[in-house]
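Right, one structure below, let's go through it.
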Amino acid sequence: MAIKLKSKREIELIRRAGAVVRQVLERLGAMAAPGVTTAMLDAQAERLTRELGAQALFKGVPGRGGPFPGTSCISINEQLVHGIPSERAFRAGDIVSIDYGCRLDGYCADAAVTCMVGKVPQEVRRLVAVTRRMLDMAVELSRPGPLWSELAGRMQQYVEGEGFSVVREFVGHGIGKEMWEDPKVPNFVSPDASGRDFRLEEGLVIAVEPMVTMGSREVVVEADGWTVVTRDGKPSAHFEHTLAITADGAEVLTA
Ligand code: MG
């Protein structure tokens, strides 16, 4: 594992890319309403990316389902991540994960948010709130010194204590010149991953992205080769920020 720590100048460049990510996610989130399709959101993401002088990171990423066709990943309800923008329209009561990343002046930022469309059932709202809180915990607990597994353990314990499940198949990642850099940033602790644990230190920049399911944590990939859904069809939520570890804590670069 080769972790590249970032200079203040590099963190500034990631912060600028992060400002684009934040603007795009805010605009897309505001559009998510009954009758609006996920393709309409993605068209807006593509337009904004161009207008803001950035390059989309997800479009063309190779996968089992061929190159990813969207600028953003939009995943509804039981869809966890990697939803392909389509003619599917939002309905009141849906929860929608919007994941977007871009490169600006050579540096990348990546974030995701789960939005609610209309009136969402109480238990689903709680799922969204707990997942957001799991990300907030990562921000609050991050500082130079601890091993990542110490934080991930507390985050996992919180979520499982609320009766929800933490997905194992997908994890966060280091980020910088590339969207995916070392280290891998899991939202859980597993004994077989102890050799891949890492210590938080100043200059580390990571994309932390909790994925939480209401029922079982098992997920499957749909026939399109991209869309990840919960096996039991129950809702799932996803939040992500790119954050830099600084001398006195963590700075969210996509807030
Ligand atoms: Mg990511």
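The values are calculated or read from the model by the stated rules, or taken from the named source; none is laboratory data. Remember, predicted model here, so these are calculated numbers, not experimental data. Counting neighbours? That spans all protein chains shown, and the Cβs are built from the backbone with ideal geometry, glycine included. For the accessible areas, the whole protein counts, side chains as well, though only heavy atoms, and no ligand, DNA or RNA atoms are used. Shrake-Rupley method; radii C 1.70, N 1.55, O 1.52, S 1.80 Å.
Residue count for region 59-86, restricted to those that are more than 13 Å from the ligand (Cβ to nearest atom), assigned to a loop (DSSP other than H, G, I, E, B) and touching a helix residue (DSSP H, G or I) at 6+ places or on another chain (Cβ under 6 Å): 4.
Among the residues of region 180-198, the ones that are open to solvent by 10 Å² or more (accessible area, probe 1.4 Å), of a type outside the set (A, V, I, L, M, F, W, C) and either in a helix (DSSP H, G or I) or closer than 12 Å to Leu5 by Cα (or both) come to 7 in all. Restricting attention to region 146-179, the residues that are in contact with a Phe, Trp or Tyr (Cβ under 9 Å, 6 or more places away or on another chain) and assigned to a loop (DSSP other than H, G, I, E, B) add up to 7.
Within region 216-250, being in a loop (DSSP other than H, G, I, E, B), within 30 Å of Ala19 (Cβ to Cβ) and over 17 Å from the mean Cα position of the chain (by Cα) holds for Ala247, Asp248. Put simply, of Ala223, Ala152 the only residue that is at pLDDT 95 or above and within 21 Å of Leu5 (Cβ to Cβ) is Ala152.
Being open to solvent by 20 Å² or more (accessible area, probe 1.4 Å) and either in contact with a His (Cβ under 9 Å, 6 or more places away or on another chain) or within 16 Å of the ligand (Cβ to nearest atom) (or both) is the filter here, so list the residues in region 87-103 that pass it. The one that is open to solvent by 20 Å² or more (accessible area, probe 1.4 Å) and either in contact with a His (Cβ under 9 Å, 6 or more places away or on another chain) or within 16 Å of the ligand (Cβ to nearest atom) (or both): Arg103.
State all residues of region 199-215 that are outside any strand (DSSP E or B) and away from the ligand (no atom under 16 Å from the Cβ); if no residue qualifies, say none. Don't jump to the end; show me each part of the working.
First, the residues of region 199-215 that are outside any strand (DSSP E or B): 200-204, 209-210, 214-215.
Leu200, Glu201, Glu202, Gly203, Met214, Gly215 - these are the residues of region 199-215 that are outside any strand (DSSP E or B) and away from the ligand (no atom under 16 Å from the Cβ).
If you go through region 38-78 and keep only what is more than 18 Å from Glu222 (Cα to Cα), open to solvent by less than 40 Å² (accessible area, probe 1.4 Å), of a type outside the set (A, V, I, L, M, F, W, C) and touching a Ser or Thr at 6+ places or on another chain (Cβ under 7 Å), you end up with Asp42, Thr49, Thr71. Residues that are touching a Cys at 6+ places or on another chain (Cβ under 9 Å) and open to solvent by 40 Å² or more (accessible area, probe 1.4 Å) were ranked within region 169-179; the one that is nearest to the ligand (Cβ to nearest atom) is Glu178.
Tell me whether region 5-16 contains one or more residues that are among the small types (Gly, Ala, Ser) and either over 23 Å from Ile206 (Cα atoms) or open to solvent by less than 10 Å² (accessible area, probe 1.4 Å) (or both). Within region 5-16, not a single residue is among the small types (Gly, Ala, Ser) and either over 23 Å from Ile206 (Cα atoms) or open to solvent by less than 10 Å² (accessible area, probe 1.4 Å) (or both). Screening Ala112 with (1) farther than 19 Å from Arg27 by Cβ; (2) surrounded by 24 or more Cβ atoms within 10 Å (Cβ to Cβ); (3) within 13 Å of the ligand (Cβ to nearest atom) gives one miss only, at (1).
For region 121-132, the criterion of being out of contact with any Cys (no Cβ under 9 Å at 6 or more places or on another chain), in a strand (DSSP E or B), at pLDDT 95 or above and not charged (D, E, K, R) is met by no residue. Being under 25 Å from Asp94 (Cα atoms) and touching an Asp or Glu at 6+ places or on another chain (Cβ under 9 Å) holds for only one residue in Ala43, Ala32, and it is Ala32. Checked against (1) within 16 Å of the ligand (Cβ to nearest atom); (2) open to solvent by less than 50 Å² (accessible area, probe 1.4 Å), Val159 passes all but condition (1). Pairs are defined by a Cβ separation below 8 Å, a sequence spacing of at least 6 or placement on different chains, a first member in region 35-57 that is free of Cβ contacts under 8 Å to residues at least 40 places away in the same chain, and a second member that is part of a strand (DSSP E or B); the pairs so defined are Glu46/Ala56. From the list Glu218, Glu202, the lone residue that is closer than 25 Å to Val96 by Cα and modelled with pLDDT of 95 or more is Glu218.
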